[in-house]
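The structure under discussion appears below in the form of structure tokens.
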Amino acid sequence: MISSSEYGSHSWELLVIVDHQHEEVEKEFSLRVTGDLHIGGVMLKLVEKMEISQDWSDYALWWEQKKRWLLKTHWTLDKCGVQADAKLFFTTQHKMLRLRLPNMKTVRLKVSFSSVLFKAVSDICKILNIRRSEELSLLKQSEDTLKKKKKKDKNSKEPVTEDILNLCNSPVSSGLSASPGLYSKTMTPIYDPISGTPASSTITWFSDSPLTEQNCSILALSHPNCSPETLAEMYQPRTLADKAKLNAGWLDSSRSLMEQGILEDDQLLLRFKYYTFFDLNPKYDAVRINQIYEQARWAILLEEIDCTEEEMLIFAALQAYHVSKLSLSSEAQDFTCESEVDEVEAALSNLEVTLEGGNASNILEDITDIPKLADNLRLVRPRKLSLKAIKPYWFVFKDTSVSYFKNKESAQGEPIEKLNLKGCEVVPDVNVAAKKFGIKLLIPVADGMNEVYLRCENENQYARWMAACILASKGKTMADSSYHPEVHKILSFLKMKNWTMSPQAVSDPESIDMKPECFVSLRYTKKYKPKQLAARILEAHQNVSQMTLVEAKLRFIQAWQSLPEFGLSYYIVRFKGSKKDDVLGVSYNRLIRIDMATGDPITTWRFSNMKQWNVNWEIRQVAIEFDQNVSIAFTCLSADCKIVHEYIGGYIFLSTRSKDQNETLDEDLFHKLTGGQE
């Protein structure tokens, strides 16, 4: 027998289970320890007792009961709270994970299961060569969105290997940092800005990355669409409540994968979570641009975002064009004339100015004299018990307000009404074919939203007034540098919609190798026969046929950004004092309370007016204070309130970015804004 004095009266047995691959060696070890032994000492004792010669540098202790890593090796067992009843696992920090990308391709790679998710996503994006990793996150598909798939898959085995791109031998996977070359501002461009393919002269940049030229093409180029049958098997939200389910599974950026119950070789979705695409550049961002395009494309095909039939045909034409004509042909390499490069740069500039606070360098600086618009427009006010009243008035747009008068002569006097557009919702009401150019304004009032429609005569008038309304809703005037690019962007989108029947182009739709039902949502495949769809897509195609591959993708993204619902993530909530559930829409610059039954906006609150926000973790309630003593509080029903809290903080964090930061991020600030004090 061993006397107690030999061990010391304060020592005890600690059970550690080792996750190793040596079958002949046992996995459970009992160590005699004391409370003042530090974590590093425990690991050293364990390795000495195992007598297995291998590299243990990636191993760490995981406390199963508490669901946390013991990474501070200088902390003692007492300080960590580890006692004799603890069950510890000695396991690798980097494990295999399957990620489904926005283009529906699955990649398999090693990811840190011990770093906070924000850092893990940053490492993943370095492997995939996607800049601005803070815009992305990992999403766990909810059971509801998988149910439809499971029903269809009962009789068929899911293909596991052939569709998976293995990126196991990456520098980040091994726990090392990725090449900083991919992020250097002075480096040679790594992609052709026209075709999006890796530039042959700089393919050496990928030498220390698993992204070989072939793998890069899989991520940076689009591939043939899925069949309508496959589309029918996928989850398609029908209501706002269904759309809320899509956003329920976002993982917590402040905790590690292991802490959130993710297991080795699980499948997660890598998605753009925040819809503020900053500093897009085709010379470095071919993978990023393609993945944004793919996320937009699937959102439209699965009707996660609503669009009109006219818009759906534009999206179909842009898809059909560069999928069937460019991505699958060598012609993609032949578009290198200088004017087209300029068009791509212009498209990027337009994309940048759609961002809140985005600046483009080639635009006129703000001017001190605030311009105004004055023109004849028609005013439409919806009435519940009668037809809409449509009357012409003389409208004057100044600062962030619209005033209207009986006629031009009476404009010197008092207006009939003055509408302040700051904080309003601006929705396009356009049908180019029918020459309808309307602007729907939902203006906040004490008891909800005041609905007003403005009708313009033509494209140019619509573009000027629409751009002014969009800026005014954000509290900006027409003196802002983003006004003219906004007008240009609206006009270019209208131009794409404005197609005319070209007999020679659509005389024989069958001669084109195109399955039209692959490019539109199921609603339109049910409405039209394939020949009719092909003819209509080819009509729309006339306006986009001269675009390069990258420009077609950028135009697609730009058109997606122009949709009224763009960038809205939905959650079902119960507002304090309310007796019914509502939907909360979270966007990059505002929160919208939406009636769950009708889908109509009730109230809008802008982040620019927000003073503070916090969470009462006991009752899981988010409380927000705005200017002018406005405060709201709600509990989240469709997801954890931490997800909504992180969304708000994340968008505020992203609004602090500038190009002067040399792409370094203040990670501490992100966690301060998003983590809460749970």
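The values are calculated or read from the model by the stated rules, or taken from the named source; none is laboratory data. Since the model is a prediction, treat every value here as computed from it, not as a measurement. Ligands, DNA and RNA are excluded from the accessible area calculation, which covers all protein heavy atoms including side chains. Shrake-Rupley method; radii C 1.70, N 1.55, O 1.52, S 1.80 Å.
Here are some notes:
- Ratio of Rg to Rh over the range 11-92 (Cα coordinates, Kirkwood Rh, two decimals): 0.93
- Applying a threshold of 26 Å to the alpha-carbon distances of K126/K489; K391/K422; K474/K611; K440/K576 flags K126/K489; K440/K576 as lying beyond it.
- Ordered from highest to lowest accessible area with the whole protein assembly present and a 1.4 Å probe, W63, W56 read as W56, W63.
- On the principal axes of its alpha-carbon atoms, the range 230-315 has extents of 46, 38, 24 Å, going from largest to smallest.
- For the range 1-144, the relative contact order comes to 20 percent (Cα pairs under 8 Å, sequence separation of at least 6).
- Shape call, the range 408-484: gyration tensor on alpha carbons, a/c limit 1.5: rounded
- Count of Lys pairs (Cα-Cα under 17 Å; at least 8 positions apart or interchain) in the range 1-122: 14
- Normalised per residue, the volume of the convex hull around the Cα set of the range 569-675 (Å³): 110 Å³
- Entry note, the range 569-675: relative contact order of 21 percent, from Cα contacts under 8 Å with a spacing of 6+ residues.
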